[in-house]
There are 2 protein chains.
Amino acid sequence: MPRQTSRDLRNESRFEVLHALFTLGPSTRQEIAKHTGLSTATVATLVTQFLAEGVLRIATVEQNTVGRPYERLTIDPDRGRILGIDVAETYVDATVYDVTLGPLGHGEVALDEHENDTEYVVNGIVRAIEAAVEASGTERERIIGAGVSMPGQVRPDAGVSVFAPNWDWHDVRIEELLEQRLGISVYVDNPLKAVALSEMWFGVGRVTKSMAVVNLGTGVGAGIAIDGTLLRGSANNAGEWGHTLLQLDGRQCRCGRRGCVEAYLGVHGLEMSLAEIAPKHPALRQPLQRGFVDAVAEGLVADDPALVELARRTSHYLAAALGDLVNLLNIPHITLTGWTTAALADWLIPAVREELPDHVLPGSLPGLAVEASRVPGNPVALGMAAFTLERFLGDLGLASPASTPPPRRRLRAPA
Amino acid sequence: MPRQTSRDLRNESRFEVLHALFTLGPSTRQEIAKHTGLSTATVATLVTQFLAEGVLRIATVEQNTVGRPYERLTIDPDRGRILGIDVAETYVDATVYDVTLGPLGHGEVALDEHENDTEYVVNGIVRAIEAAVEASGTERERIIGAGVSMPGQVRPDAGVSVFAPNWDWHDVRIEELLEQRLGISVYVDNPLKAVALSEMWFGVGRVTKSMAVVNLGTGVGAGIAIDGTLLRGSANNAGEWGHTLLQLDGRQCRCGRRGCVEAYLGVHGLEMSLAEIAPKHPALRQPLQRGFVDAVAEGLVADDPALVELARRTSHYLAAALGDLVNLLNIPHITLTGWTTAALADWLIPAVREELPDHVLPGSLPGLAVEASRVPGNPVALGMAAFTLERFLGDLGLASPASTPPPRRRLRAPA
């Protein structure tokens, strides 16, 4: 990918300083220098720039009995607003954040998973954004940019949805379509990259630099970070763990292949498993996938035997498929996210933890952790807002100190 | 891993200069500067150091009609000798290289795959080395170090064979055992890391920085490089593609799990496949795995129908399992290596190329290449020699210019 990655930006001193403030909260110049490993002089210079640009402000001043007063610095949440949008097959979820990535307001629009028209989807995105902007009381001109996660294969450098299997989309110029409708800068990426970034910033990334964030929903996949760098692959297509094999020549997957992990662990895969156990189970009559997952969670609370068997089989599939991820990558940390996780984690995670050692090579087992993600809110929307903020911070060096928001083109990828 | 990786060293200017000379052949200072992106002044300084250390020598001097003469520099092959050793379940293969990694002599010892005694294996390694040293006419005191690849899980930082499933080895301090026997510095690593490094230096690494080198032999696995960095994982255990699933709850694998790729694509997996097709096939009476693979190759030339069916099934398994690797990592290049590849590539590779598009997501298919490795000789031994050379070059800054070889402890990992 020609575009700068998270790591490229993070390696820059400006970004290090700001990311330290995200991690530490309000801090002195000395604390920032200690955390980043930058010299105190470098930190002081950068802080002076950031104060002039209005990115940082002085939170408190502490006066010791001797010496100079200590200023604690904080990112100025009022520097601008950022939109993070999670577009899935069944819904659009939009959130307005301040530049510390604190959520200010939220909007959601249901999508009919059987509709695949571009305008239908774009309208859904615009309506969700309008609802979020209204709920947060945000003035439009204060929005720095919008990060939009699109399902399937996305080329962030071209702003294109290359392929969305559920909609049969090919090479839709989604960034341009949305910018024309919204009048704000848009950055598009893939939800796996977004969940990985939100985990790196606000989840286990605080304790480990290598992790897989496994998303379980309509589709399944893994956002992967190795030594602090997002794994993107040569066409931004890495992480398609959902399309690795569980069973050669097994169940038909919607990608066209047979036996993929997604055909067993995507929501439709769970429906197929339940149909094998109890073909007339009432949960299978739910018209929408979310209704099905909710019905499964409710039935498990009531010890419905067919659903207990469904949870057992699903845990077996999940333990085996996570074992593959660990054996190939030797990653120390897996977090689970997505709405299937949200509904079923209490059943799946203990069973997976118990079975996983049967699937993992002895050398990759010590210290291995599997847990539900603790990233608050919608991690896809949050990750897209974080990407947008990274772009904004990376571009700030070019912006005039007084410009809020920066010129719209600043957020576009270099040609 | 606390130890420096290939990339850590490569990022150093000294290493960049030497690696440029490996790639370019004899070159002027200007050509090195252009290739590395270093300034001409930096290159000139480093070259002066290397000439004083005896690492480089002047190959030719060209006199133009105007201006100063141009010196072409080359790595002095006589600076020392390096051993690269490939220890597998069935053999030890040792090669003596000069410091340009040109092979000078070779020794091989067969191992009985049913023996697992430490002393038996160490004796085999020592005998193979002695044969290689003798064949190359090398004086012992000129040997800079030996890189030894051990099967299974290896911790290079501790010099330990953590786990070798075929031998049921646990935490064998192999580096220390070999150093005591040989009186030279030893560096141990895993064959998947070695094949990846040799491919990065002498194979497709010259055209791409992201690749998987898939080894097919008794065991199977993948050496993976992402953007020029070897994927090691948190315990040097990454790349165990042979222990990802082909068939949930399928054939018993020697790792203890059922359905792993290795149970279908390792040599014993091929034997099991043939036993399913033709249980009394004469190839199954070969006592050693190498004999079996050779018998299969010979029978395929003669169009033996059971073996043609074996090749068909094996290609199907291989295409599916490579599809997983591509879908997860979105890597553009796969090279196949190992002795099964050497014997059967003509049957497997065309069939895999034909079937692979059925297993790979559309976005990861454009530009995808699958080919037999063109790295000459034994790529595991070559990769281990390259690791040893990397260590030597990384340590050279500490060595006195006249010392050949450097003090033995120099090659050990920092504590």
- Note on the structure: Which of B:Arg81, B:Arg258, B:Arg181 fluctuates most in a GNM of chain B (C-alpha springs under 10 Å)? That residue is B:Arg181
- Task: Among the lysines, select those whose C-alpha is under 23 Å from the C-alpha of B:Lys209, and discard any that sit fewer than 8 residues away in the same chain.
- Result: A:Lys193, A:Lys209, B:Lys34, B:Lys193
- Message: Just want to confirm a number: the relative contact order over chain B, from Cα pairs under 8 angstrom separated by 6+ residues, in percent.
- Response: 17
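If A:Glu355, B:Glu262, B:Glu62, A:Glu276 are ordered by their accessible area, calculated over protein heavy atoms with a 1.4 Å probe, which sequence runs from highest to lowest? Working shown, then result.
Details: A:Glu355 40, B:Glu262 15, B:Glu62 75, A:Glu276 105 Å².
Putting A:Glu355, B:Glu262, B:Glu62, A:Glu276 in descending order of accessible area: A:Glu276, B:Glu62, A:Glu355, B:Glu262.
First check a/c for chain A, with a ≥ b ≥ c the square roots of the eigenvalues of its C-alpha gyration tensor; if it is under 1.5, answer rounded, and if not, answer prolate when a/b is larger than b/c or oblate otherwise. The partial results should precede the final answer.
On the way: a/c = 2.04, a/b = 1.53, b/c = 1.34.
Prolate is the answer for chain A, as a/c is 1.5 or above and a/b outweighs b/c.
So in the stretch B:206-372, what percent of DSSP beta bridges are antiparallel if you round to the nearest 5?
Details: 10 of 18 bridges.
Once the DSSP bridges in the stretch B:206-372 are tallied, antiparallel ones form about 55 percent.
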- Query: Taking chain A as a Gaussian network, Cα atoms linked when under 10 Å apart, which of A:Gly105, A:Gly147, A:Gly221 shows the biggest mean-square fluctuation?
  - Reply: A:Gly105
- Message: Keeping every protein chain present and rolling a 1.4 Å probe, give me the accessible area per residue for chain A in Å².
- Response: 39
- Query: Under 14 Å from the Cα of B:Lys280, which aspartates and glutamates turn up, not counting those fewer than eight places away in the same chain?
  - Reply: B:Glu271, B:Asp304
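I need to check one value: relative contact order of the stretch B:6-77, counting alpha carbon pairs closer than 8 Å and at least 6 residues apart, in percent.
Numbers: 82 pairs, mean separation 22.5, N = 72.
Once normalised by length, the contact order is 31 percent.
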- Surface accessible to a 1.4 Å probe, B:Ser234 within the full protein complex, Å²: 70
- Message: Run the label-point distances for A:Ile277 please: 7 Å along Cα to Cβ, every other copy, nanometres, shortest first.
- Response: 4.0
- Amide hydrogen neighbours beyond the local backbone of B:Ala59, cut-off 5 Å, H modeled: B:Arg72, B:Leu73, B:Thr74
- Message: In whole Hz and in residue order, list the ³J(HN,Hα) couplings for the stretch A:37-47 that follow from phi through the Karplus curve 6.51 cos²θ - 1.76 cosθ + 1.60, θ = phi - 60°; x for Gly and Pro.
- Response: x, 7, 6, 4, 5, 4, 4, 4, 5, 5, 4
- Item | ³J(HN,Hα), Karplus 6.51/-1.76/1.60, whole Hz, each residue of the stretch B:380-390, x for Gly, Pro | 5, 4, 5, x, 5, 5, 5, 4, 5, 5, 4
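Classify the stretch B:206-372 as rounded, prolate or oblate from the Cα gyration tensor: take a ≥ b ≥ c as the square roots of its eigenvalues, call it rounded if a/c is under 1.5, otherwise prolate when a/b beats b/c and oblate if not.
Details: a/c = 1.85, a/b = 1.53, b/c = 1.21.
Prolate.
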- Note on the structure: Residues whose modelled amide H sits under 5 Å from the amide H of B:Trp169, counting only those 5 or more places away in sequence or on another chain, are B:Ala164
- So, in nm, how far is label A:Asn123 from label A:Asp346 when the simple model puts each one 7 Å beyond its Cα toward the Cβ? 4.0
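Keeping all protein chains in place and using 1.4 angstrom, which order do A:Lys280, A:Lys209 fall into by accessible surface area, from largest down?
On the way: A:Lys280 175, A:Lys209 140 Å².
Accessible-area ranking of A:Lys280, A:Lys209, largest first: A:Lys280, A:Lys209.
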- Item | the stretch A:335-364 versus the stretch B:124-150: alpha-carbon centroid distance in Å | 47
- Message: Under 8 Å for C-alpha pairs, at least 6 residues apart: give me the relative contact order for the stretch A:125-276, rounded to a whole percent.
- Response: 15
- Message: I'd like the accessible area for B:Ile226: 1.4 Å probe, protein heavy atoms, all chains in place, Å² to the nearest 10.
- Response: 40
- At a probe radius of 1.4 Å, what is the per-residue accessible area of B:Tyr120, in Å² to the nearest 10? 70
- Sorted by chain and then number, the residues having a modelled amide H within less than 5 Å of the amide H of B:Cys260, at least 5 places away or on another chain, are B:Leu246, B:Cys253
- Would you tell me the mean number of C-beta atoms belonging to other protein chains that fall within 10 Å of each C-beta in B:245-252, as a whole number? 5
- Message: Using only Cα atoms and rounding to the nearest 10 degrees, what angle (0 to 90) does helix B:13-24 make with the longest principal axis of chain B?
- Response: 70
- Note on the structure: If labels are modelled 7 Å from Cα along the Cβ direction, B:Gly367 lies from its partners in the other copies at nm distances, smallest first, of 3.4
- Note on the structure: Computed over chain B: longest principal axis from alpha-carbon atoms vs helix B:191-202 long axis, angle to nearest 10 degrees, is 50
- Could you tell me the total accessible area buried at the B-A interface, probe 1.4 Å, in square angstrom to the nearest hundred? 3200
- Task: Could you work out how far apart the two model spin labels at A:Lys280 and B:Glu371 are, taking each label as a point 7 Å from the Cα in the direction of the beta carbon, and quote it in nm?
- Result: 6.1
- Query: Rounded to the nearest 500 deg cm²/dmol, what is the calculated helix-only ellipticity per residue at 222 nm for the protein assembly as shown, with -39500 (n - 2.57) per DSSP H run of length n ≥ 4?
  - Reply: -12500 deg cm²/dmol
- Select from B:Ser39, B:Ser364, B:Ser161 the residue whose mean-square fluctuation is largest in a Gaussian network model of chain B (Cα-Cα springs shorter than 10 Å). B:Ser39
- Got the B:His114 label distances to the other copies yet, label 7 Å along Cα→Cβ, in nm, shortest first? 6.5
- Among rounded, prolate and oblate, which fits the protein assembly as shown when a ≥ b ≥ c are the square roots of the eigenvalues of its C-alpha gyration tensor, a/c under 1.5 means rounded, and a/b larger than b/c means prolate? oblate
- ³J(HN,Hα) across the stretch A:205-215 via Karplus (A = 6.51, B = -1.76, C = 1.60, θ = phi - 60°), whole Hz, x for Gly/Pro? x, 6, 10, 9, 9, 10, 7, 10, 10, 9, 9
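The values are calculated or read from the model by the stated rules, or taken from the named source; none is laboratory data. Just so it is clear, the model here is predicted, and its values are computed rather than measured. Glycine gets a Cβ as well: all are built from the backbone with ideal geometry, and neighbour counts include every protein chain shown. In case anyone asks, the SASA skips ligands and DNA or RNA and just uses the protein heavy atoms, side chains included. Shrake-Rupley method; radii C 1.70, N 1.55, O 1.52, S 1.80 Å.
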